[in-house]
Amino acid sequence: RGRKQTPAPRGTVTGSELTQCPRENDINAVNASYETLLHIAAANGQIAVMEYLIKKGAKLEVKDSQGKTPLHRAAEKGHDDAVKVLLQAGAYIYSLDEAAKTPLHLAAQNHHSHILNRILKEEAKRYRNQHSFLHMAALKDDSSLAQMILKNGATVDAKDEKGQSALGYAVSQGFEKTVKVLNNQSIFEVLLEYFKAVQKNLHGIVAALVDKGTDINVYNEMGYTPLLMACELGKTESAEVLLEKGASLKEKMPNSDTGLSNSFCHVLFICKTFVLIPLSQVSLYVSSLVRKSDIDMNTWQQCYSLCVVDQSKAPPSLLKF
């Protein structure tokens, strides 16, 4: 009697299936789940079968019922050699499935860092100066993915077609978590986005950047510190954050001998913090500021009248200034 053959594992591609579909149309036929033979082989890491199918004309970008390509399936399962074969054949790395996930997203989701690394290397080789996985993570505030991407060698300074960096996108969207991740990477980019955050009055981002160690009194190419810029542009919330975190009042406006401690602008911002101070302590607070900064009483009166809407509620000690 002949020896009984062991059946192939369920879901794999067998030799008989390959010999039954020698034509290209058969190679790309789909089952009830819209999977091709290449999907099945990729999901199971059958390298020899994949190479045979690709050689015979198997299409790389066919999507199954979940919108996944063979590259999605291989990346999801962590089959490094299968991913390598597909990338060498030219598989598209940014293809999205029904859940708007790329193969890289699925690899990260399943903690396949070796696959993440391989796809990122392919991205760096194929797509320079283009919208990247790091840009995508920044725009979706996916700080954990951004961190994984950076750990695998992605460059935080890389710009896309619009000249934007990942940090730039995170700052513009106000994504504090992702800003904190990206902030650790490039001092030049961080400083650029620091001043942008002040310009746009994204005070939460300003606070996050300062908390992560960005120099609070750094100068830009125009000679402004973040606090000087906030005062010049009237970005009250950002100025208040910077003052609270210890920004220097001794810095001078460009082309001016006047420091912030003697400026109308500084008084205006301090006045706006009155609402945070108990009325019983306001007079003492103002007296302290006057002693420290030599601000004249007329300036205080002018600023206070601008900042307090209902002066009938103001403490008498202030109204007499």
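Since every read-out is calculated from the coordinates, none of them should be taken as a lab result. Keep in mind the model is a prediction, meaning the values are calculated, not measured. Here the Cβ is made from the backbone with ideal geometry for all residues, glycine too, and neighbour counts use every protein chain on show.
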Can you pick out the pairs among Lys121/Lys196; Lys196/Lys245; Lys56/Lys84; Lys151/Lys235; Lys59/Lys125; Lys84/Lys212 whose Cα atoms lie more than 27 Å from each other? Lys121/Lys196; Lys151/Lys235; Lys84/Lys212
Projected label distance in nm at Tyr34 and Lys177, using a 7 Å step from Cα toward the beta-carbon: 3.1
Honestly the range 129-185 on the Cα gyration tensor test (a ≥ b ≥ c root eigenvalues; a/c under 1.5 rounded, otherwise a/b vs b/c for prolate or oblate) is just oblate
Tally Lys/Arg at +1 and Asp/Glu at -1 over every other residue whose Cβ is under 14 Å from the Cβ of His131; what's the total? +2
Tell me, Arg118, Arg128 in order of fewest to most beta-carbon neighbours within 10 Å? Arg128, Arg118
Length added when fully stretched, Ser144-Thr236, from 0.36 nm per residue minus Cα-Cα: 29.9 nm
At a Förster distance of 22 Å, what's the computed FRET efficiency of Tyr94 paired with Ser65, Cβ-Cβ distance as r, to 0.05? 0.60
Fewest Cβ neighbours within 10 Å first, please rank Glu244, Glu161, Glu123 accordingly. Glu161, Glu244, Glu123
Relative contact order computed over the range 129-185 (Cα-Cα under 8 Å; 6+ residues apart), in percent: 41
So what's the net charge close to Gln66: Lys and Arg +1, Asp and Glu -1, counting the other residues with Cβ under 15 Å from its Cβ? -1
Tell me, Val179, Val241, Val62 in order of fewest to most beta-carbon neighbours within 10 Å? Val62, Val241, Val179
Total charge of the residues flanking Leu227 in space, meaning their Cβ is under 13 Å from its Cβ, with Lys and Arg +1 and Asp and Glu -1, is -2
So, R0 is 25 Å and r is the distance between the beta-carbons of Arg126 and Lys55; what FRET efficiency does that work out to, to 0.05? 0.65
